[in-house]
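Single-structure report; data block below.
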Amino acid sequence: MRTERFGNSLFFLTLLFFLWGGITSLNDILIPHLKGLFLLNYRQAMMIQFCFFTAYLLVSFPASRLIAKVGYQRSMVYGLLLMTVGCLLFIPSAWFISFPLFLSAFFILASGITILQVAANPYVTLLGDPNTASSRLNLTQAFNSLGTFLAPMMGAALILSNQQETGSNSIIAPYLGLAAFIF
């Protein structure tokens, strides 16, 4: 029973690593898309990355306090819920064609990812034999890299080549799908 629970936990953690690697790399697809949509200069377009990665700086310490208070698993659930909210915020951002709302969605999405990363990395090492902890962490992080590699191709296919939807509307379906999957 314990081995089965360990295997299930490691499987879902590996899926999370893949997911947040993929979501992070989708920014690279959205930057030129939103740059054209909002007629942004390069500095303005880089606000996407700034808002996204500022969440790592601002949320990592509170995330560690959250973990100390509620534990790894509940913290990961909170991170997933925050990611879901961030993905869902892409919908009104696209409807209202609001760049500040897009930036808020990026920050909230990245805040959820940050909580996941702060909780999942040490949690992977606690699953199973301590002598193989680094191997488990390397395995899960390999799937993070795989998500980072595959997501731009999938994102380009879903967002940039969607001929039926134009402008910001092409973002709605992929992020609604991500929100549903994460939830």
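Some observations on this one:
- Based on DSSP H segments of at least four residues, each scored -39500 (n - 2.57), the chain has a per-residue ellipticity at 222 nm of -28500 deg cm²/dmol.
- Relative contact order (%) - criterion: Cα under 8 Å, at least six apart; region: the chain: 36
- Listed peptides 80-90, 51-61 appear in the order 80-90, 51-61 once ranked by packing, highest mean of other Cβ atoms within 10 Å at the front.
- Solvent-accessible heavy-atom area per residue, rounded to whole Å², over the stretch 32-117 at 1.4 Å: 51
- Across all C-alpha atoms in the chain, the radius of gyration and Dmax reach 17.0, 56 Å.
- Taking Cα centre as origin and charging only the Cβ of basic (Lys, Arg, +1) and acidic (Asp, Glu, -1) residues, the dipole magnitude of the chain rounds to 380 debye.
- Spin-label model distance (nm) - Phe183 vs Phe38, 7 Å beyond Cα toward Cβ: 2.5
- Taking packing as the residue-averaged number of other Cβ atoms within 10 angstrom, the listed peptides 42-48, 149-155, 113-119, 173-179 run from highest to lowest as 113-119, 173-179, 149-155, 42-48.
- If you plug the beta carbon distance of Ala156 and Ser9 into 1/(1 + (r/R0)^6) with R0 = 25 Å, you get a FRET efficiency near 0.15.
- Coarse-grained scattering of the stretch 1-109 at q = 0.10, 0.19, 0.24 Å⁻¹, given as base-10 log I(q)/I(0) from a Debye sum over alpha-carbon atoms: -0.36, -1.03, -1.37
- HN-Hα J in Hz across the stretch 170-183 - Karplus 6.51, -1.76, 1.60, θ = phi - 60°, x for Gly and Pro: 5, 8, 4, 4, x, 6, 5, x, 4, 4, 5, 5, 5, 5
The values are calculated or read from the model by the stated rules, or taken from the named source; none is laboratory data. Not measured: the values here are computed from a predicted model. Don't worry about glycine lacking a Cβ; one is built from the backbone with ideal geometry, like all the others, and counts go over all protein chains shown. Keep in mind that these areas ignore ligands, DNA and RNA; they rest on the heavy atoms of the full protein, side chains included. Shrake-Rupley method; radii C 1.70, N 1.55, O 1.52, S 1.80 Å.
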